[in-house]
Amino acid sequence: MSHNPKLLDTSAQMTTAVLALLNTFEPLAKLSAGRKRELAGLCFVEKVSKGINPLRMNVSNAKQSVYLIKGELELRFVDGSKQMLRAKDTVARHPIVCDSTLVDCIAYTDVEILRIDNDLLDIMMTWDQLSTGDDVLKSVHKADDEKSSRTPVEWMRDTSVFSVSKLQSGVFSKVPVANIEAMFQRMERINTVAGQVIIQQGAAGDYYYLIESGTVLVTRADGVNAHPLLVAELQSGDAFGEEALVSDNKRNATVAMKTDGQLLRLNKHDFVALLKEPMLLHVSREVAEVKIADGAIWVDARLPSEYQYDHIDGAINLPLNEIRQKLLELDYRKSHVVYCQTGRRSSAAAFILAQNGFDVVVLKGGARANGL
Ligand SMILES: Nc1ncnc2c1ncn2[C@@H]1O[C@@H]2COP(=O)(O)O[C@H]2[C@H]1O
């Protein structure tokens, strides 16, 4: 593939320009350098013509923080008063306050603004504050490899396990911040070598793993003498080992290192308390039906043969053993209510969905207990 050096140059220049801008606004200037670099690629700089209200140009439904970069904005308030906001004024270091007292906001000159998703900013601020807490530093330091050249703070901020996208829609997005902090204190970091078996198919579940660096191979043998088949290759930032812990079944696959790498692991007890419980919301049949009436989708996590025999009207079939391959068939905008016979397979399925950013609940007790 040929590269266009001019294009690369321009985008690098743009990122540098946005980075410089971030340093002029609050609380963005207080973010760590790594977070600012991530944010530079996730915020939007826009030109707005004189006479237009830049706040009305928010096409997404997400709440945003809007900063004034260049020009003048006239703010009109409910009591009839007006205020001129000028770029570079001290108050313009902060986002425009869009509360109920603001009636209108008009570009008095051509202006330039910076937009940032509020949730994204909140996640970044929370995470940065969390990663400078004393307790966290001590524990990470203890678990850290002595030979590692990175400091614990750098590690916590830079590891792909806690990239913004993972914090926004991955496993940690549904977990209370306090639990993430506790998880950090209990997580152990292990160095692994190519070929090392981390999980053996058929063994009991003991740990949940996050890949900090390296690649792992997931293989499965269907039958005692069957040749194991490769089912997945997982990378830095991915997780594995959740299914046996969520469903109390045996390990359903063997996981081995393809390359040398580093893993973070959490024991079953801590995993259940800190991740499984907060991520899995079990609801009664009545609550499930209200959700369905509101547009949620029934998901049947049993085998196709069970589904074909009988299933809840309107349910789609996502067998637990195929769920990862079928994620793309699901609609991210919809909520999902997962069920199986007893609640066990559906819990494992729901955990995988939640881990991948879906809005999901589990039918408590499964179809059997609910007479469905
Ligand atoms: N198809 C797959 N894709 C990705 N990971 C898998 C797949 N099948 C099994 N795994 C992982 O391999 C792990 C083996 O142990 P568990 O059953 O606890 O949890 C399993 C999953 O985390």
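Scanning region 181-211 for residues that are away from the ligand (no atom under 16 Å from the Cβ) and buried (at least 19 other Cβ atoms within 10 Å of the Cβ) gives MET183, PHE184, MET187. Note on region 321-345: residues that are under 24 Å from GLU286 (Cα atoms) and outside any strand (DSSP E or B) amount to 11. Among the candidates LYS258, LYS276, single out the residue that is outside the structural domain of ALA194 (by the TED database) and out of contact with any Cys (no Cβ under 6 Å at 6 or more places or on another chain). After applying the criteria, what remains is LYS276.
Of the residues making up region 195-222, those that are in contact (Cβ under 8 Å) with a residue 40 or more places away in the chain and not in a loop (DSSP other than H, G, I, E, B) are VAL197, ILE198, ILE199, TYR207, TYR208, TYR209, LEU210, ILE211, GLU212, SER213, VAL216, LEU217.
Of the residues making up region 260-280, none is more than 26 Å from the chain's Cα centre (by Cα) and closer than 26 Å to GLN341 by Cβ. When the residues of region 288-315 are filtered to those that are in contact (Cβ under 8 Å) with a residue 24 or more places away in the chain and of a type in the set (Val, Ile, Thr), the one that is nearest to GLU242 (Cα to Cα) is VAL299.
Criterion first (away from the ligand (no atom under 16 Å from the Cβ), surrounded by 17 or more Cβ atoms within 10 Å (Cβ to Cβ), under 21 Å from the mean Cα position of the chain (by Cα) and not polar (S, T, N, Q)) does PHE240 satisfy it? No; evaluated as a whole, the condition is false for this residue. Does VAL361 count as surrounded by fewer than 23 Cβ atoms within 10 Å (Cβ to Cβ), in contact with a strand residue (DSSP E or B) (Cβ under 6 Å, 6 or more places away or on another chain) and in a strand (DSSP E or B)? Spelling it out, VAL361 is indeed surrounded by fewer than 23 Cβ atoms within 10 Å (Cβ to Cβ), in contact with a strand residue (DSSP E or B) (Cβ under 6 Å, 6 or more places away or on another chain) and in a strand (DSSP E or B). Scanning region 75-93 for residues that are in a loop (DSSP other than H, G, I, E, B) and crowded, with 16+ Cβ neighbours inside 10 Å turns up just one, ALA87.
Each residue in region 1-40 was checked for being farther than 15 Å from ASP128 by Cα, modelled with pLDDT under 85, out of contact with any strand residue (DSSP E or B) (no Cβ under 9 Å at 6 or more places or on another chain) and not β-branched (Val, Ile, Thr), and 12 of them qualify. Among the residues of region 281-301, is any within 16 Å of the ligand (Cβ to nearest atom) and of a type in the set (Ser, Thr, Tyr)? Among the residues of region 281-301, not one is within 16 Å of the ligand (Cβ to nearest atom) and of a type in the set (Ser, Thr, Tyr), which makes the answer no.
The values are calculated or read from the model by the stated rules, or taken from the named source; none is laboratory data. Treat the numbers as computed from the prediction; the structure is a model and nothing was measured. Neighbour counts are summed over all protein chains in view; Cβ atoms, including those assigned to glycine, are modelled from backbone coordinates with ideal geometry.
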